[in-house]
Every structure is written in C-alpha cells, then in structure tokens.
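Taken together, the values in this text are just the output of simple stated rules run on the coordinates, not laboratory data. Since we're looking at a predicted model, the values are computed, not measured. Cβ placement follows ideal geometry from the backbone for every residue including glycine, while neighbour counts extend to all protein chains displayed.
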Amino acid sequence: MTETEILDQENRLYEAIKESNINVLEELLHDDLLFVLPSGDVITKEMDLQSYRDGNLKIHKLIPHVEHLNIIDDTAVISLTMELKGNYSGEDFESKFHYIRFWKTFPTGIKVVGGSGRIVHV
C-alpha cells in the first residue's frame, strides 16, 4: 500500500460519489463498513448504497482537500476537507465537511472499512 494507491482510490471514490456509480462504490466499500454521518447516525455499506439506489443523494459539486495521509502496515488513515453541493432527500445543501476515512488492504483490493464526517463551521 502506497500513498499513490490510496490517493488513486480516493479519486475513484469521489468520481463514484459524483456519478452515483453503485458498481464502483460496491467495489470500494468493505461489506462491514461503518460510517458516522454528520448527524451522528451510524450507517453501513448497504445503507450508504441504498441512498444512491433510491436517488436520495445527488452530489453536484465535490472538491476535496487532503490534509493528512498516514499508512500503518496494511491500513491507511486519511483526513480531508470537502466542499460539497448537492441534494439529499429533496433538500439542497452546500457546505464544507471534514472527513476521516480508513482504508485497509484485502486480497480483493484496498477498501474503505470506516470513517466519519462532520460539517465544518466557518
């Protein structure tokens, strides 16, 4: 696992989010993923994918700014801020978020196993 590999996976993730590409998201997210939303709710991979399948989440703008990337054996921890503009359940939103995401190497590839996001108050 290298920094370049993680950044490549992050870029694939950003594109999949913007395009609501379920197939790529299915590949990149581990089956046992846990993610803490800005609301404090904890979601699983299936819950995340369902929001795209149902059309509840549409991202129109996504601008990431990577802050830190640490690689520890077969795991990477990345923190970033992201400017997002989109629509969730019929409500438009535009905000800046701070994320931490955990990537881990498996025989089937590098996958997201967990993370958290929060709104950045400026």
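Just a few scattered comments:
- Listed peptides 23-32, 39-48 by packing density, highest first (mean Cβ within 10 Å): 23-32, 39-48
- Reduced Cα scattering model of segment 13-84, Debye log10 I(q)/I(0), q = 0.12, 0.13, 0.15, 0.27 Å⁻¹: -0.37, -0.43, -0.58, -1.44
- Estimated from helices alone, the mean residue ellipticity of the chain at 222 nm is -8000 deg cm²/dmol (sum of -39500 (n - 2.57) over DSSP H runs with n ≥ 4, per residue).
- Subtracting the Cα-Cα distance of D41 and L57 from their residue separation scaled by 0.36 nm leaves 4.2 nm.
- Rg to Rh quotient for the chain, alpha carbon positions, Kirkwood Rh: 0.94
- Across segment 5-15, computed HN-Hα scalar couplings (Karplus, 6.51 cos²θ - 1.76 cosθ + 1.60, θ = phi - 60°) run 4, 5, 5, 5, 5, 4, 5, 5, 5, 4, 5 Hz from first to last residue, x flagging Gly and Pro.
- Stokes-Einstein D for segment 49-112, Kirkwood Rh over Cα pairs, 4 °C, 1.567 mPa s (µm²/s): 96 µm²/s
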